[in-house]
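A short write-up of the structure that comes next.
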Amino acid sequence: MPSPTPPYQRITAEIRTRILTGELRPGERMPSIRQIAQRWGVAVATATKVMAALRDEGLVETKVGAGAVVTAGRGQPAARQRQAGTPKQALNRGQTLRTAIAIADREGLDAVSMRRIAAEMGVGPMSLYRHVAGKDELVMQMADEVFGEAELPEPGPDGWRAKLELIARRQWELCRRHLWLPRAVSFTRPLLAPRVMEHTEWTLRALDGLGLDMATRIREALTLHALVVSASLSMAQEAETEQETGVTLDRWWRTQQERTGALLGTGRFPLLAAIATETVSDVDALFEYGLARHLDGFAAMLKKM
């Protein structure tokens, strides 16, 4: 008895047919990953495989502000397109990581797969396993590569507070540049990656001379990083929503004006009514506020010692 067709292949075939028959036209927006998952009743991971397969076949591409759309030159696999116009890129660990990071920067971490990277590079997927063992190791190496972009001066500015502000802002810059990065970091299962560990070691040294035991120092290092990550996740979620829906935050707020006005006009929420929209949506200002208040609390703790 033949084995059943995997759900992602069945869904991919259905969407492929819609594209090739012209039901979905070039430039037309594709259903988002969430919409695919809901419509076909499958997991988000399965819907992600569907979108990756369609991209690999050259049927779908991602455009900033529009999300996934049907490719204008549909029907030619992406790897074949690249091979026809340019020679294969040199296959090495650095090139593999740069390709994976570029995909994640454009489309998010879920779009990164060995098959997708191979298609981008114009090589066979199995050839990549000489450089990375699988997705988990790939993500770890991607994070390690990205953390290396932040220069940590030695010995750094004077004073513990200036040092902690410096490393928090350097990590914030990394998360703004690579919106997928917060998802690649775990506090319970920390990345054993040299450049990531250098950031923790630098933070621990910033607390030298304060009379703190090592348990307090590592908790401060992790808490500071958690502040960066939590703020970054909101920023990343907004970018993902914009890409999937094509609706910017400004446009979204404009569509909510009538409902917002109706709620705030009741007089039940006078304090909320006095807040400007940009105050809530300015993630940089929220990050700076959180950083300042956290360090104020840490300074108060030191005074009590």
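The values are calculated or read from the model by the stated rules, or taken from the named source; none is laboratory data. On a predicted model such as this, the values are computed, not experimentally measured, just so you know. Neighbour counts are summed over all protein chains in view; Cβ atoms, including those assigned to glycine, are modelled from backbone coordinates with ideal geometry. Protein only, heavy atoms only, side chains kept; ligands, DNA and RNA dropped before computing areas. Shrake-Rupley method; radii C 1.70, N 1.55, O 1.52, S 1.80 Å.
Full extension of the chain segment joining Ala273 with Thr223 gains 14.7 nm, where the gain is 0.36 nm per residue of separation less the Cα-Cα distance.
For the pair Arg25 and Arg115, a Förster radius of 30 Å applied to the C-beta separation gives a FRET efficiency near 0.70, rounded to the nearest 0.05. So what J values fall out for the stretch 156-164 if you push phi through Karplus, 6.51 cos²θ - 1.76 cosθ + 1.60 with θ = phi - 60°, rounded to Hz, Gly and Pro as x? Computed from phi, the couplings for the stretch 156-164 are x, x, 6, x, 5, 5, 4, 5, 5 Hz. Our estimate of slack between Met214 and Thr5, defined as 0.36 nm per intervening residue step minus the Cα-Cα distance, is 69.8 nm. Here the spin labels are modelled as points 7 Å beyond Cα on the Cα-Cβ line, and at Lys135 and Arg106 they lie 2.0 nm apart. The listed residues Leu192, Leu212, once ranked by accessible area (1.4 Å probe) with the largest placed first, stand as Leu192, Leu212. For Lys163, the aspartates and glutamates whose Cα comes closer than 17 Å to its Cα, not counting residues fewer than 8 places off in the same chain, are Glu151, Glu154, Glu173, Glu198, Glu201, Asp208, Glu220, Glu288, Asp296.
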